[in-house]
Each structure stands twice: as structure tokens, then as C-alpha cells.
1. How many residues does segment 89-110 hold that are within 15 Å of the ligand (Cβ to nearest atom) and at positive phi?
2. Name the residues in segment 35-59 that are within 16 Å of the ligand (Cβ to nearest atom), open to solvent by 40 Å² or more (accessible area, probe 1.4 Å) and assigned to a loop (DSSP other than H, G, I, E, B), would you?
3. Only one of (1) away from the ligand (no atom under 16 Å from the Cβ); (2) outside any strand (DSSP E or B); (3) farther than 16 Å from H136 by Cβ fails for P113. Which number is that?
4. Of the residues that make up segment 123-131, is at least one under 19 Å from Q25 (Cα atoms), in contact with a Lys or Arg (Cβ under 7 Å, 6 or more places away or on another chain) and assigned to a strand (DSSP E or B)?
5. Here's a check for you: in segment 73-88, which residue that is more than 17 Å from the chain's Cα centre (by Cα) and away from the ligand (no atom under 14 Å from the Cβ) is least open to solvent (accessible area, probe 1.4 Å)?
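The values are calculated or read from the model by the stated rules, or taken from the named source; none is laboratory data. It should be emphasised that the depicted structure is a prediction, and the values quoted were computed from it without experimental measurement. Ideal geometry is used to build each Cβ from the backbone, glycine not excepted, and the neighbour counts take in all protein chains shown. Note: accessible area is taken over every heavy atom of the protein model, side chains too, but ligands, DNA and RNA are not part of it. Shrake-Rupley method; radii C 1.70, N 1.55, O 1.52, S 1.80 Å.
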Amino acid sequence: MPPLLPALLLAAASPAAVASAVHVQAAWSRPAAAGAVGVGYAILVNDGARPATLTAARSPAARRMSLHASTMSDGVMHMAAAPALTVPPHGRVELKPGGYHFMLMGLKAALKPGDRVPAVLTVDGRPLRVEFQVRHDLPR
Ligand SMILES: [Cu+2]
């Protein structure tokens with residue numbers, strides 16, 4: 001099949017075929033009741049030379065998962081859905097209390113310390129698997 005080979009080489013060399021340079025560290029969550037809203041925090045690390053953008057997230061543990069950003073204004077904490085989050089080249093972004101975070105709406109089961117919550121993030125259009133470890137007694 002000689003005609004196939006050049007096409008495969010081209011595909012491998014195109015940017016779209018390069019695996020995401022982003023990985024996830026220290027993903028954690030808090031205990032929550034079934035049906036309630038859970039949270040997800042993590043550090044997104046970009047080892048690549050280009051910006052990488054998170055555009056979506058989903059989890060089989062919740063009806064819906066979305067990215068939120070918290071901001072302080074007039075001494076009051078507000079949060080709103082954020083459409084995307086870009087991790088700079090050779091940089092990192094920490095999702096943490098008071099900043100960017102994931103919301104897990106409509107938890108299908110309670111989250112207890114020690115549980116692991118699987119999720120799939122979409123980064124640069126590619127799936128990135130993550131597991132949030134449910135912990136308690138963490139500094140805020
Ligand atoms: Cu939120």
C-alpha cells in the first residue's frame with residue numbers, strides 16, 4: 001500500500017495529530033451529598049511550547065460539569081461560568097478555592113473522603129482524563 005504511507009506521515013506531522021502537552025496534577029474534590037453540587041480543583045500543567053485551552057469537562061458522576069471562575073468584588077465572592085481557560089506554554093494554572101474551579105451539578109451519588117471522581121476534560125479539542133480525589137480538612 002505505497003500510497004497510504006505518505007498520507008500517514010503527513011498526518012503524524014500535523015499539529016492536530018500531536019498529543020496534548022497538558023497533564024493534570026493534584027486533582028481533588030470535597031465531600032458532597034447526592035444530588036448536590038460538587039467541586040473539582042486541579043493543577044493544569046502545560047509542558048508544550050504553545051498555549052493550551054480547556055473548553056469543556058464532563059463526568060459520569062454528575063449530570064453536568066462546568067468550569068467556573070470566582071472573583072471578589074466589593075468584598076463579596078461571586079462566581080460565574082467561564083467559557084474556557086488557557087494554560088500558557090511551559091506554564092501552569094491552578095484551579096483552587098476562590099479561583100477557577102469545576103462544578104459538578106447533580107451528583108449521582110454522595111462524594112465521601114477517599115472516593116475518586118472520574119472526569120474527562122477537553123483540552124485543545126482532545127480528551128484528557130482526570131480523577132479527583134475526595135478529601136476533607138484542606139486549607140481554603
Ligand atoms: Cu462555581
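1. Within segment 89-110, the first condition is being within 15 Å of the ligand (Cβ to nearest atom), and the residues that meet it are 95-107.
Next, only the ones that are at positive phi stay: 98, 106.
The qualifying residues number 2.
2. Selection gives V37 alone.
3. Here P113 meets the rest and fails (3).
4. Step one: of segment 123-131, the residues under 19 Å from Q25 (Cα atoms) are 123-124, 126-131.
Of the ones still in play, those that are also in contact with a Lys or Arg (Cβ under 7 Å, 6 or more places away or on another chain) are 131.
From the residues that got through so far, the ones that are assigned to a strand (DSSP E or B) too are 131.
Within segment 123-131 (the criterion being under 19 Å from Q25 (Cα atoms), in contact with a Lys or Arg (Cβ under 7 Å, 6 or more places away or on another chain) and assigned to a strand (DSSP E or B)), the answer is yes, since at least one residue qualifies.
5. Selected residue: S73.
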